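Trainee: Sending over a structure as structure tokens; questions will come in a sec.
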Amino acid sequence: MTDAPHMRLRTSPTSPYGRKAHVVVIERGLEPQVEVVSTDPWDPETDLTGDNPVGKVPTLILPDGTVLMDSPLVCEYLDWMAPDGPFLIPVAGIDRFAVQRIHALADGLIDAAVTRQFDLRRPEELQWQPWRARQEAAIARICDTLEQEIGVIAAQPISIGQLTMAIALDYIDLRFPESGWRDAHPGLAAWHAGIRTRPSLARTVPPGLAAQPQ
Ligand SMILES: N[C@@H](CCC(=O)N[C@@H](CS)C(=O)NCC(=O)O)C(=O)O
């Protein structure tokens, strides 16, 4: 047992946003303090909205009952909670902006992939091809940018930016295994195959996605 304050992280094993938070818990040694509670935000019977009016995962409930929502905020709090570094988000300076820029690019990749996936969930007559094509174009552009920068990114200390990139690419593999993103992005593909073996990522692979690097 530990005297450390107890927090609850509500997340779903297939949510890339929730996985970010779970990965930070593991990376920062917070498992004794954070109970990971599996929550399906799409379940009409869910009690998630009782904790978080936004109704999304991840949701982090602090010991005093304060609720944090939105994965960038949740990840930043968790990173700050573990006082011993190295931090996944540099606390200040130009390094912080560099990391948060990659984090934002990778979140944009997740947003486009999730938006595309939502369209596929609609009844066929409500699906809208131009909207899907728009998300696919965003995915391609973001992958192009990351491919151009992968040499610099890979040389940096591990950060929330890199971890979110890996999670975003895993999500694309999970939902769109036919996407073929590796063909046009060989540097990104090689980097992804390496980082996927990192314990925090290997332990949180979403159900349905092979744990072994592709
Ligand atoms: N910007 C939010 C997005 C979170 C999000 O959309 N989570 C999804 C699961 S992948 C969710 O809970 N959706 C429920 C809903 O939209 O009602 C974040 O970064 O945490």
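The values are calculated or read from the model by the stated rules, or taken from the named source; none is laboratory data. Keep in mind that this is a model prediction, so the values were computed, not measured. Cβ sites come from the backbone with ideal geometry, for glycine too, and all protein chains shown count toward neighbours. The area values use the complete protein model at the heavy-atom level, side chains included, leaving out ligands, DNA and RNA. Shrake-Rupley method; radii C 1.70, N 1.55, O 1.52, S 1.80 Å.
Trainee: Any chance the stretch 193-213 includes a residue that's assigned to a helix (DSSP H, G or I), farther than 27 Å from THR11 by Cα, at pLDDT 95 or above and open to solvent by 40 Å² or more (accessible area, probe 1.4 Å)?
Mentor: no
Trainee: Mind listing whichever residues of the stretch 166-214 are closer than 18 Å to THR115 by Cβ and touching a residue at least 60 places away in the same chain (Cβ under 8 Å)?
Mentor: ILE167, ALA168, LEU169, ASP170, TYR171, ILE172, LEU174, ARG175, PHE176, PRO206
Trainee: Taking the stretch 121-175, which residues are part of a helix (DSSP H, G or I), over 21 Å from ALA193 (Cα atoms) and of a type outside the set (A, V, I, L, M)?
Mentor: ARG121, GLU124, GLU125, GLN129, PRO130, TRP131, ARG132, ARG134, GLN135, GLU136
Trainee: Now, a different point. On the given criteria, is GLU178 within 23 Å of PRO90 (Cα to Cα) and either surrounded by fewer than 17 Cβ atoms within 10 Å (Cβ to Cβ) or not aromatic (Phe, Trp, Tyr) (or both)?
Mentor: Considered against the rule, which asks whether it is within 23 Å of PRO90 (Cα to Cα) and either surrounded by fewer than 17 Cβ atoms within 10 Å (Cβ to Cβ) or not aromatic (Phe, Trp, Tyr) (or both), GLU178 comes out as no.
Trainee: Further question on the same structure: Looking at PHE97, PHE118, which one is within 20 Å of LEU146 (Cβ to Cβ), assigned to a helix (DSSP H, G or I) and aromatic (Phe, Trp, Tyr)?
Mentor: Just a single option satisfies the conditions, and that option is PHE97.
Trainee: Taking into account only those residues within the stretch 37-55 that are buried (at least 19 other Cβ atoms within 10 Å of the Cβ) and either assigned to a strand (DSSP E or B) or not hydrophobic (A, V, I, L, M, F, W, C) (or both), which is farthest from the ligand (Cβ to nearest atom)?
Mentor: This residue is ASP51.
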